[in-house]
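See below for the structure under consideration.
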Amino acid sequence: MDCNIKRMLISEEAIRSRIDELATEIARDYKGRKPLLIGILKGSVVFMADLIRKIDIPIEIDFMSVSSYGNDTSSSGVVRILKDLDSPITGRDVLIIEDILDSGLTLGYLTRVLGERQPKSIKICSLLYKMRSADEQLPIDISYLGFAIENEFVIGYGLDYAGFYRNLPFIGILDEKAYSNE
């Protein structure tokens, strides 16, 4: 294990098992419809790729890229769209696929922006939800959740620090010394 990883938080096996369950729930809830799954780049790519292979109903995918972190370990408070959708979503069932709900700022912004485009529905599927006190977090409704975690900086399985660690097959906690000396 990398010396910058304090400890493993969620194993590869636990992630795989939870993805199977989420895919079953999504397929059941969207049966008879063709939802558009919107992956939020770059963090959701690994999760979304594994998830869509397990969903056994017709789906479409698209991607958006937004930024609120830069190379820091906490949100800057400003959300910018770096890549928008390729197609309109008017009248579509939209499922946003996100790696982690942290402050709620990014997903709150995205649901408002996408809601203005008049989709039939918008739901959120997040691999992780970082638990915080009520006054620190925006109220975001997560329809499909992988895991609730404590308020620690996590990496792996698509989540990064300064662009690194996305390729880890598990989710781990980054040792503070890895970013406190920069």
Where does helix 105-115 land angle-wise versus the long Cα axis of the chain, in degrees 0 to 90, nearest 10?
10 degrees
Rounded to the nearest 10 degrees, the helix 45-54 long axis (Cα) sits at an angle to the longest Cα principal axis of the chain of 50 degrees
Using a 1.4 Å probe, what is the accessible area per residue for the chain, in Å²?
51 Å²
Qualifying lysines (Cα of each under 17 Å from Cα of Lys34; at least 8 residues distant if same chain)
Lys54, Lys120, Lys123
With eigenvalues of the C-alpha gyration tensor scaled by 5 and rooted, segment 1-131, Å
25, 21, 11
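Which order do Lys130, Lys6 take when ranked by solvent-accessible area (1.4 Å probe, heavy atoms of all protein chains), largest first?
From most accessible down to least: Lys6, Lys130.
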Which lysines, if any, have their Cα less than 19 Å from the Cα of Lys83, not counting same-chain residues under 8 positions apart?
Lys42
If you stretched the chain out fully between Asn4 and Ser65, how much longer would it get, using 0.36 nm times the residue separation minus the C-alpha to C-alpha distance?
19.3 nm
Roughly speaking, to the nearest percent, how much of the chain's 1.4 Å accessible area is carbon and sulfur?
50 percent
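The values are calculated or read from the model by the stated rules, or taken from the named source; none is laboratory data. What you see is a predicted model, and the numbers here were worked out from it, not measured in a lab. All accessible areas refer to the heavy atoms of the entire protein, side chains included, with ligands and DNA or RNA removed. Shrake-Rupley method; radii C 1.70, N 1.55, O 1.52, S 1.80 Å.
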